[in-house]
Amino acid sequence: MLSLHKLELTGPAGTVRITATEATLLRAFAQSADARLGFDQVAECMGVTMDEAQKSRLQVRMVRLRKKLHEAGAEGAVIESIRNVGYQFFEELTLSKT
């Protein structure tokens, strides 16, 4: 469960603090019909413009987010890169405003 107010991600292994940017990104994945976001959408959620230099920064941020998801108890490939498209989120995520 993602608490948008507390900026916490809770799973089977516990609760992990996340940044406001990570919360925005996870909310976008949860609200996407197929849990898939293009690179431009991910960049917009993170407040950056998309160019080749920023693409590397996005990849680093996604690695950090994956680690936090695993700390909360997610298993396997939680977020995968889709070549020339963006990212796919593979976990079920419940949003909480409290």
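The values are calculated or read from the model by the stated rules, or taken from the named source; none is laboratory data. Just so it is clear, the model here is predicted, and its values are computed rather than measured. Here the Cβ positions follow ideal geometry from the backbone for every residue, glycine too, while neighbour counts run over all protein chains shown.
Observations on the structure shown:
- Sole exception among (1) loosely packed, with under 14 Cβ neighbours inside 10 Å; (2) assigned to a helix (DSSP H, G or I); (3) hydrophobic (A, V, I, L, M, F, W, C) for Ala33, by number: (2)
- From the options Phe29, Phe90, residue that is at pLDDT 90 or above, aromatic (Phe, Trp, Tyr) and closer than 15 Å to Leu4 by Cβ: Phe29
- Of all the criteria given as (1) under 10 Å from the mean Cα position of the chain (by Cα); (2) free of Cβ contacts under 8 Å to residues at least 60 places away in the same chain, the one not satisfied by Arg27 is (2).
- Thr19 being over 17 Å from Lys97 (Cβ atoms), out of contact with any strand residue (DSSP E or B) (no Cβ under 7 Å at 6 or more places or on another chain) and hydroxyl-bearing (Ser, Thr, Tyr): yes
- Leading residue by the ranking (nearest to the chain's Cα centre (by Cα)) among those in the stretch 78-98 that are exposed (fewer than 12 other Cβ atoms within 10 Å of the Cβ) and not charged (D, E, K, R): Thr94
- Of the residues making up the stretch 10-30, just one is buried (at least 16 other Cβ atoms within 10 Å of the Cβ) and assigned to a loop (DSSP other than H, G, I, E, B), namely Ile18.
- Test: residue in the stretch 49-60 that is on the phi > 0 side of the Ramachandran plot and not in a helix (DSSP H, G or I): no
- Between Ala43, Ala77, the distinction of being in a helix (DSSP H, G or I) and either touching a residue at least 12 places away in the same chain (Cβ under 8 Å) or in contact with an Asp or Glu (Cβ under 7 Å, 6 or more places away or on another chain) (or both) belongs to Ala43 only.
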